[in-house]
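The values are calculated or read from the model by the stated rules, or taken from the named source; none is laboratory data. Predicted model, so just to flag it, every value in this text is computed and none were measured. Positions of Cβ are generated from backbone atoms using ideal geometry, with glycine treated the same way; all protein chains shown enter the neighbour counts.
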Amino acid sequence: MADQILDKVREVAEGQIDFEGQRLAEFLATALLAIVGVISFIVGFFIQDIKLALFLGLGGTALTFALVVPPWPFFNRHPVRWLPVGSEVSSQSIVVDGKFIG
Amino acid sequence: MHSTVTRTQNVFGFFTTVCFIVAALIASTDFLFPRTPSASITVKDVQVVKGRPHYYSPKREEYASIRFSLSADLSSLFTWNTKQVFVYVTASWPDKDAANKSVRTNEAVIWDTIITSPSADHLQNIGLAAMRKLVASAKGKAIDPNRGKLELKNQKPKYQITAPTGKLAETDDVQLNVHYNVQPWVGVLTWTPQVEFGRWKRMKGGLSKVFSLPALKKKEEKKGEKKKA
């Protein structure tokens, strides 16, 4: 019982996402931070207000953290499908360097 | 990017890169804004008196107190990246026995002030009432170029100056000079340019006429007056 709870806590803390999710997270982090940087500079420059630029940059970064760091459901839409447990390996053909083994 | 920790590290890592690039861009915009400061300074009353560096000092030195009038327009120095501008007035003079009198070996600051941008008002080290007044003077403005306009009439110097020899009376070829130092939010400090640099022009004026320091002011006169009375 205690083990199960601990496992769940560990899972939530680790926040694992699937491979497609990792690709998406990487793209989101890079794109959002770059866009936030560009926007904060341009807006600050044209309004001539450096405080505004600073807070736009910090706010946008906080938003990026909120969007990318937690394991949101849209990062887990493509779960890896493993082979069923105990399935016969021999029925599958395993190819290594073009040769069938097993 | 598979776990919370790695995602945090990656986002933070790229955030620092973005920060650095945006800061570099902001610093480089300084070159886009023309700097065309001008100032005119005139010497008013000059006095040389005997004094000591501190209360318990046995050393007696001559101190010059130079009053001046300054009218300066430094408003072009205030852009979105200006944190504060340090303005200072120096007196300079050549050595008495120097062969080349155009080399001004001695230079001492007689007055200075800090002009903050509205974005840096909270950094001024002033009292509460003065701070309220300062903040209110630029309410709703991110930049206030009007603060760059100085109009001083017969201003008393902040610092009485002396020379390493302790002798200063009857010095010739003394000249007052207005300088500034722009301190940006990001970027490097810049002082009064000695050569024109792109849109940054040299200071127009900012030099007083050459003058001589008077002889030592004698205290005997006052004593004499007292005796008479």
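There is at least one residue in region B:167-174 that is touching a residue at least 60 places away in the same chain (Cβ under 8 Å) and hydroxyl-bearing (Ser, Thr, Tyr).
Here residue B:76 meets the list (1) in a loop (DSSP other than H, G, I, E, B); (2) small (Gly, Ala, Ser); (3) within 30 Å of residue B:135 (Cα to Cα) almost entirely, failing just condition (1).
Please verify whether residue B:77 is in the same structural domain as residue B:210 (by TED's automatic domain parsing) and crowded, with 17+ Cβ neighbours inside 10 Å, treating the condition exactly as stated. Considered against the rule, which asks whether it is in the same structural domain as residue B:210 (by TED's automatic domain parsing) and crowded, with 17+ Cβ neighbours inside 10 Å, residue B:77 comes out as yes. A search for C-beta distances below 7 Å between a residue of region B:8-23 that is at the interface with chain A (Cβ under 8 Å from one of its Cβ atoms) and any residue that is aromatic (Phe, Trp, Tyr), counting only pairs 6+ apart in sequence or on different chains, returns B:11/A:65; B:22/A:41.
Among the residues of region A:49-62, are any touching a residue at least 24 places away in the same chain (Cβ under 8 Å) and out of contact with any Cys (no Cβ under 8 Å at 6 or more places or on another chain)? Looking through region A:49-62, at least one residue is touching a residue at least 24 places away in the same chain (Cβ under 8 Å) and out of contact with any Cys (no Cβ under 8 Å at 6 or more places or on another chain).
Of B:177, B:125, all but one fail to be within 17 Å of residue B:87 (Cα to Cα) and part of a strand (DSSP E or B); the exception is B:177.
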